[in-house]
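Some notes on the structure that comes next.
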Amino acid sequence: MFAKILIANRGEIAVRVIRACREMGIETVAVYSEADRDSLHVRLADESVCIGPASSRESYLSVPRVISAAEITGADAVHPGYGFLSENSQFAEACEASGVVFIGPPADSIRVMGDKSEAKRSMKAAGVPILPGSDGILESLDDAVAVAEKIGFPAILKARDGGGGKGMRVVESAADLGRQFQMASAEAEASFASGALYMERFLTHPRHIEIQLAADQHGNVVHLFERDCSAQRRHQKLVEEAPAPGIPPKVRKAMGKVACDGARKIGYHSVGTMEFLYQDGDFYFMEMNTRLQVEHPVTELVTGIDLVKLQIRIAAGEPLGMKQRDIELTGHAMECRINAESPYANFRPSPGTVRDLHFAGGPGIRVDSHVYSGYVISPHYDSMIGKLIAFGKDRKECIARMRRALAETEVEGIDTTIPYHLEIMAHPDFVKGGIDTSFVGRMKAGNGASATGSQTEAS
Ligand code: MV4
């Protein structure tokens, strides 16, 4: 096992990883930017290194600075958290080159899954169901026309290097194709420095269901069931839950099996997530996230497995130590991402000083946060101030606890998305379960937090 791990991240996930290390008896090194001097992860770690100014590009995203910090402190491994360098194959390679273990998958797995079109091709070869579409990148508009004629309308254009909805355009008819091809390509070029696109059949009312995977370096692969992340606003997840309401056990089993097959096929190891679109009983591979995810706690609560400790043990070469049949699903869990944003002003960021803070607790409540009374939320980084996670014996108890915990939480000095979460938890469609990805965009503009409205694109 490692003696010392450097955490190449900030915020709640840096705190989460430090907590796992502390329980495992592993020393920790925090890195921080000048804006994060007073951050909780810096206080909780055994050692800390300032790696640059507030700008992410010159601190948390700088490969040489993070590698130098690991070398100087003698860390044996680096945990990248999520975001920042977590899905950067060159960073994973740079770690190995300087003799530091990257706590994540092989660089090759990151590369394959980073190319969304290549990811589809490799998963198709592993027997994972995919949506009909182009066989790789569209070479021209003529090419796009030919594919669209084959698969029919509506179709969707997606960026090879995309994710998060950028460079994505729905095409309703042949007459619409030229324009949408142009727009998607330009947007992809601007966002990813490549206009490369692929096309597939468009699903009008899909749910976002993802399978949590864990694979060791000895060929053992298991899944830890699914999460439903259909509650999203402009491709930002708001609420995640496990298990996904109303998914037939047979489908759950089939999704888990193909996800394991896909991971095995590319020689994956570490934890990871395979995302699927689910509609009318069928599911299709969308993309794979080759990192620990924000919403990992809901899976931890319904399986009793600590995913961060497991990820660290896998990186150290230990075997999984469990078989698929050992993994059981118990109860129901849900996570609300609390952001420093104003739901009354179109979710405008609300940075500033948290004058007073009281998070909820009590039965079935977990809070993962780096924020404390007096903490200053910097405008330089993402606006998530914490995650409120509820567990119950069933979905009903889970929602009741979440509502109770949201109502108990007090954050003063800044606006948060808590009122919006309370609206979601009270919405009849959400309470019923099984909402699709259009739910948040359609949420009735009443007198509550959503009064100033929200629109999702691409639906
Ligand atoms: C789709 C789709 C419908 N059909 N692909 C959105 C982000 C990117 N990861 C893929 N996305 C979608 N791909 C086909 N063929 C609908 C979406 C989509 C979506 C997916 C998951 C969660 C929320 C979403 C919101 C709008 C659109």
Item checked: Lone unmet requirement of (1) outside any helix (DSSP H, G or I); (2) within 20 Å of Ala196 (Cα to Cα); (3) not hydroxyl-bearing (Ser, Thr, Tyr) for Leu85 -> (2)
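Each row is one residue, and each column tells you yes or no for (1) outside the structural domain of Val221 (by TED's automatic domain parsing); (2) open to solvent by less than 20 Å² (accessible area, probe 1.4 Å); (3) within 19 Å of the chain's Cα centre (by Cα); (4) touching a residue at least 24 places away in the same chain (Cβ under 8 Å).
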site	(1), (2), (3), (4)
Val239	no, yes, yes, yes
Ala242	no, yes, yes, yes
Gly246	no, no, no, yes
Gly256	no, yes, yes, yes
Tyr268	no, yes, yes, yes
Tyr284	no, no, yes, yes
Notebook entry, point to check: Which residues, counting only those in the stretch 249-280, are within 16 Å of the ligand (Cβ to nearest atom) and farther than 25 Å from Asp216 by Cβ?
Noted result: Leu277, Tyr278, Gln279, Asp280
Checklist line | Flag if Glu96 is open to solvent by 40 Å² or more (accessible area, probe 1.4 Å) and either of a type outside the set (Lys, Arg) or in a loop (DSSP other than H, G, I, E, B) (or both) | finding: yes
Next item on the list: Report whether or not Met322 is among the hydrophobic types (A, V, I, L, M, F, W, C), more than 16 Å from the ligand (Cβ to nearest atom) and not in a helix (DSSP H, G or I).
Entry: yes
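Condition check ((1) in contact (Cβ under 8 Å) with a residue 24 or more places away in the chain; (2) open to solvent by 30 Å² or more (accessible area, probe 1.4 Å); (3) among the β-branched types (Val, Ile, Thr)) across all residues:
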site: Ala315; (1), (2), (3): yes, no, no
site: Gly331; (1), (2), (3): yes, no, no
site: Ile338; (1), (2), (3): yes, no, yes
site: Ser350; (1), (2), (3): yes, no, no
site: Tyr372; (1), (2), (3): yes, yes, no
site: Ser378; (1), (2), (3): yes, no, no
site: Asp382; (1), (2), (3): yes, yes, no
Check: How many residues are touching a residue at least 12 places away in the same chain (Cβ under 8 Å) and either farther than 20 Å from Ser185 by Cα or loosely packed, with under 14 Cβ neighbours inside 10 Å (or both) when one looks only at the stretch 137-148?
Finding: 1
Margin query: What's the number of the only condition in (1) open to solvent by 20 Å² or more (accessible area, probe 1.4 Å); (2) in the same structural domain as Cys21 (by TED's automatic domain parsing); (3) over 25 Å from Met255 (Cα atoms) that Glu187 fails to meet?
Written below: (2)
Check: Looking only at the stretch 1-25, which residues are surrounded by 24 or more Cβ atoms within 10 Å (Cβ to Cβ) and not in a helix (DSSP H, G or I)?
Finding: Ile5, Leu6, Ile7, Ala8, Asn9, Arg10
Next item on the list: Go through the stretch 396-422 and give me each residue that's buried (at least 19 other Cβ atoms within 10 Å of the Cβ), in a helix (DSSP H, G or I) and among the charged types (D, E, K, R).
Entry: Arg401
Item checked: All positions within the stretch 429-455 that are open to solvent by 50 Å² or more (accessible area, probe 1.4 Å) and at pLDDT 55 or above -> Asp429, Val431, Lys432, Arg442, Lys444
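The values are calculated or read from the model by the stated rules, or taken from the named source; none is laboratory data. If you're wondering where the values come from, they're calculated on a predicted model, not measured in any experiment. Note that we place each Cβ from the backbone using ideal geometry, even for glycine, and neighbour counts take in every protein chain shown. Ligands, DNA and RNA are stripped out before the accessible areas are found, and what is left, the full protein with its side chains, is counted by its heavy atoms. Shrake-Rupley method; radii C 1.70, N 1.55, O 1.52, S 1.80 Å.
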